[in-house]
Amino acid sequence: FISVAEESGLILRLGDWVIVQACQALAQLQATRPTLSLPVNVSPRQLHQEDFVERIRSILQQTGAPPTQLILEITETLLVDSLDTIVRMSELVQMGIRFSIDDFGTGYSSLSYLHRLPITELKLDKSFVQDLEHSETARALTISVLSIAKSLGMTVVAEGVETSQQCRWLKEHGCEVMQGYLLGRPMPAHMLHAWSLEASAVCCS
């Protein structure tokens with residue numbers, strides 16, 4: 001679906017709609033969850049739009065969502081570091097928005113991206129997390145990613161955490177942010193507050 005949307009150009013309209021919906025939800029959640037950050041995937045084609053920064057600025061103003069709580073996610077395999085893209089990303093960062101690399105470790109991009117682009121967060125792909133319990137290679141690579149991120153002042157988000165053993169290992173090795181079915185499944189926004197009160201006890205002590 002995404003590849004068809006990319007090829008047809010529909011991803012631009014779809015991407016705008018997703019950002020609007022996400023920002024509306026983020027603004028509504030501020031009353032009960034003011035520290036909540038919301039990641040939203042964006043396409044390289046969106047970043048290539050000359051007016052992308054103004055589009056985001058307008059959406060934030062219309063919805064009242066705080067830019068400091070918005071994270072734009074870029075898939076590693078689709079990273080593009082043209083000068084225009086870097087400038088747009090930098091302008092958004094100046095507004096308070098953060099950038100994350102999604103599915104980190106599965107693409108073909110150079111580590112130099114971490115130096116050239118204003119990235120603050122790496123999302124460790126779930127394939128590494130799922131192999132932690134039985135693969136020394138997965139454990140070694142995960143430790144390497146955590147070490148690189150720490151050296152660069154970046155946050156690592158472990159994707160696809162499904163067992164307490166995975167959660168415990170990640171915490172022991174310095175990964176403090178996780179997502180996955182162990183913590184919760186997709187849910188309506190109105191259920192988020194109640195879930196968050198219980199989530200801290202779900203993972204591991």
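The values are calculated or read from the model by the stated rules, or taken from the named source; none is laboratory data. Because the structure is a prediction, the values reported are computed rather than measured. No Cβ is skipped: glycine too gets one built from the backbone with ideal geometry, and neighbour counts run over all protein chains shown. Note: areas computed on protein heavy atoms with side chains; ligands, DNA, RNA excluded. Shrake-Rupley method; radii C 1.70, N 1.55, O 1.52, S 1.80 Å.
When you scan segment 13-29, do you find a residue that is at pLDDT below 85 and not aromatic (F, W, Y), even just one?
Residues of segment 13-29 at pLDDT below 85: none.
No, because not a single residue in segment 13-29 is at pLDDT below 85 and not aromatic (F, W, Y).
Taking F1, is it over 16 Å from the mean Cα position of the chain (by Cα), open to solvent by less than 40 Å² (accessible area, probe 1.4 Å) and farther than 20 Å from V177 by Cβ? It would help to see each step written out before you state the result.
Working: over 16 Å from the mean Cα position of the chain (by Cα): yes; open to solvent by less than 40 Å² (accessible area, probe 1.4 Å): no; farther than 20 Å from V177 by Cβ: yes.
Judged against the criteria, F1 is not a match.
Test each condition in (1) open to solvent by less than 30 Å² (accessible area, probe 1.4 Å); (2) without any contact (Cβ under 8 Å) to a residue 40 or more places away in the chain for H48 and report the one that comes out false.
(1)
What's the number of the condition G64 fails, among (1) touching a strand residue (DSSP E or B) at 6+ places or on another chain (Cβ under 7 Å); (2) exposed (fewer than 14 other Cβ atoms within 10 Å of the Cβ)?
Just one mismatch for G64, condition (1).
Tell me whether segment 149-166 contains one or more residues that are out of contact with any Ser or Thr (no Cβ under 8 Å at 6 or more places or on another chain), β-branched (V, I, T), open to solvent by less than 50 Å² (accessible area, probe 1.4 Å) and part of a strand (DSSP E or B).
Yes; the residues of segment 149-166 include at least one that is out of contact with any Ser or Thr (no Cβ under 8 Å at 6 or more places or on another chain), β-branched (V, I, T), open to solvent by less than 50 Å² (accessible area, probe 1.4 Å) and part of a strand (DSSP E or B).
Going by the conditions given, is T63 in contact with a helix residue (DSSP H, G or I) (Cβ under 6 Å, 6 or more places away or on another chain), hydroxyl-bearing (S, T, Y) and modelled with pLDDT of 95 or more? It would help to see each step written out before you state the result.
Details: in contact with a helix residue (DSSP H, G or I) (Cβ under 6 Å, 6 or more places away or on another chain): yes; hydroxyl-bearing (S, T, Y): yes; modelled with pLDDT of 95 or more: yes.
Yes; evaluated as a whole, the condition is true for this residue.
Keeping to segment 27-43, report how many residues are within 16 Å of the chain's Cα centre (by Cα) and over 11 Å from I74 (Cβ atoms). I'd like the intermediate steps shown before the answer.
Step one: filter segment 27-43 for residues within 16 Å of the chain's Cα centre (by Cα), giving 35-43.
Going one step further and asking which of them are over 11 Å from I74 (Cβ atoms), we end up with 35-38.
Count: 4.
Output the number of residues of segment 93-141 satisfying the condition of being under 15 Å from the mean Cα position of the chain (by Cα), under 19 Å from Y181 (Cα atoms) and open to solvent by 50 Å² or more (accessible area, probe 1.4 Å).
Of the residues in that region, 1 qualify.
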